[in-house]
There are 2 protein chains.
Amino acid sequence: MKTKDSKIPEATIKRLSTYVNYLGRLGTDSNPVISSEMLGESCQVSPAQIRKDLSYFGEFGVRGVGYDTKKLEAEIKDILGINHSWPTTVVGVGKLGQALLNFDFFRKHGFRIIVAFDSDPRKIGTKITDDIAILPTNDIENIVNEKKISIGIITTPTDWAQDVADKLVAGGIKGILNFAPIKVKVPESITLRNVSITSELDNLAYLLTQKKRQ
Amino acid sequence: MKTKDSKIPEATIKRLSTYVNYLGRLGTDSNPVISSEMLGESCQVSPAQIRKDLSYFGEFGVRGVGYDTKKLEAEIKDILGINHSWPTTVVGVGKLGQALLNFDFFRKHGFRIIVAFDSDPRKIGTKITDDIAILPTNDIENIVNEKKISIGIITTPTDWAQDVADKLVAGGIKGILNFAPIKVKVPESITLRNVSITSELDNLAYLLTQKKRQ
DNA sequence: CTAACAATGTGATAACTGTCACACAGTCGT
DNA sequence: ACGACTGTGTGACAGTTATCACATTGTTAG
């Protein structure tokens, strides 16, 4: 895979995720080939946008024909880096944490949950689903380091998020996905993404309010 | 509140949500006034960006001084429309749905959960927390219509999402927040936001892969 | 009262992102 | 073998969003 340019819009990555997700759920047998127009229809993106997005990374289609469905899926997975298996941990085994742990998405997209952490003594020592142990949050640094865990998902209450982030960083984590509604601070070298559910709800409220006011 | 222009960047709304969330968690007594520099420090946004964001909606600060913390919080809440109480329903009482239902965020940000829906017969008829009933998904249209519910949150498995969306729309819903990893289709008049957890994970994987490759 | 100061609000500018039109390459029918 | 056709890939353009510098305005001290 060749990256022509280092300046890829974040929105492009988001859309690539949409594409690959759709392709994965598409019956590859009945649709061996797909055009940017068809894909755009399903993902609600303009055909030109799709071609542009893909063009950042190379040429994956055949002119006059379209894209080989299975091949395109594999290519995008390669671009996104979801064809390896990232050692991952979830910190905070509340309802949200459990939802993520049960999510079969992880298996499909190359995230391997190694272990979970929580501070509730009643949860510590128990196991999630198959064989994911729940350990105390104080062990985060050691375990992350020892098991070479590269991704940490924070699903704790707001007040604990920064502390947990610090512990993950101390253990040598590479990337963090934070679900707590604050922007945790981490060193420059750590890749961080914040998923703000509250922000999405606020945004919805705003759009509805606009509609009402106009 | 005056809206100077109708073309507000979506990113601005997202940041306003961050600001108001931070202000809400700030001890208003010890910080009666806050500058764009201080707020920017906490929210990891440049001071100029904050002033620009606010300037779309009016003038809320005092030159040479800063912003009245409590007043600014109230103003942003007004802008976002999270000072009313939106009648809301959650469809899909799995782990993710339960996580949201237990989320005390709703109370604070003006979303009032009226009822929940699920298709699992074992869940139907039971209640969540205080007094939120779980009804069968077939009742969605009637209940949404009858109770004048304006916001629907979809936390069902992927395959059910479109069907649920259709039912919500049929019942006269105003806005939908969709957590299923597909882009559901709704009429133009319905406000829709997709929260794609999978997309966030893919994005994280991409960023980590980039770092590895370079 | 006046001058020094502090932090906002905003017009101008730069950077980024998406749209469009069309050249180009591969396919299929005759 | 060749021409009509189809859908990709991309350079040019337009629109959007963020950054910057500074004029502006209220505060405070002497």
Work out which trypsin sites (Lys or Arg not before Pro) in chain A are exposed loop sites (DSSP not H, G, I, E or B, at most 14 other Cβ within 10 Å) and give the longest gap free of them. A:64-121
Report the charge-dipole magnitude of chain A in Debye, nearest 20, computed about the Cα centre from +1 at each Lys and Arg Cβ and -1 at each Asp and Glu Cβ. 440 debye
Shielding of A:98-110 by partner chains, average beta-carbon count, 10 Å: 4
If I model a spin label as a point 7 Å beyond the Cα along the Cα-Cβ vector, how far apart are those points for B:ARG107 and A:ALA170 in nm? 3.3 nm
Ascending list, in nanometres, of distances separating the A:ASP166 label from those of the other copies (7 Å, Cα toward Cβ): 5.2
Unit Cα scatterers, Debye sum, the range A:86-199: log10 I(q)/I(0) for q = 0.20, 0.23 Å⁻¹: -1.06, -1.44
Counting other beta carbons within 10 Å of each residue's own, what order do B:THR89, B:THR126, B:THR137 fall into, fewest first? B:THR126, B:THR137, B:THR89
In debye, nearest 20: dipole of the range A:10-80 around its Cα centre with unit charges on the Cβ of K, R (+) and D, E (-)? 80 debye
If the label for A:ARG213 sits 7 angstrom from Cα along the Cα-to-Cβ line, what are its distances to the same label in every other copy, in nm to one decimal, shortest first? 4.3
If you keep only loop residues by DSSP, which GluC sites (Glu not before Pro) in the range B:5-85 have at most 16 other Cβ atoms within 10 Å of their Cβ? B:GLU59
Taking chain B, the equivalent ellipsoid from its C-alpha gyration tensor has semi-axes in Å, biggest first, of 35, 22, 17
Please report the antiparallel percentage of the DSSP beta bridges confined to the protein assembly as shown, to the nearest 5. 20 percent
Taking the range B:118-214, which GluC sites (Glu not before Pro) meet the DSSP loop condition and have no more than 10 other C-beta atoms within 10 Å? B:GLU188
Inter-chain Cβ neighbour average for residues B:9-18, partner chain, 10 Å: 4
List, in the order given, every pair from A:LYS183/B:LYS7; A:LYS70/A:LYS147; A:LYS95/B:LYS148 whose Cα-Cα distance in the structure shown is over 31 Å. A:LYS70/A:LYS147
Could you tell me which of B:ASN21, B:PHE105, B:PRO187 has its Cα farthest along the dipole of chain B towards the positive end, charges placed at Cβ (Lys, Arg +1; Asp, Glu -1), taken about the Cα centre? B:ASN21
Given the Cα-Cα distance of B:VAL65 and B:GLN49 and 0.36 nm per residue of separation, how much length would full extension add, in nm? 4.0 nm
About the Cα centre of the protein assembly as shown, what is the dipole size in debye to 20, counting +1 per Lys and Arg Cβ and -1 per Asp and Glu Cβ, all else neutral? 640 debye
Please report, for A:PRO47, the nm distances (one decimal) from its label point, 7 Å out from Cα along the beta-carbon direction, to the equivalent points in the remaining copies, shortest first. 5.1
Residue-averaged beta-carbon neighbours from other chains (10 angstrom radius) around A:178-184: 4
Starting from the Cα of A:SER85, step 7 Å along the direction of its Cβ; do the same at A:SER189; then give the gap between the two resulting points in nm. 2.7 nm
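Each value in this text was obtained by applying a stated rule to the coordinates, not by laboratory testing. Here the structure is a predicted model, which is why all the values come from computation and not from measurement. Counting neighbours? That spans all protein chains shown, and the Cβs are built from the backbone with ideal geometry, glycine included.
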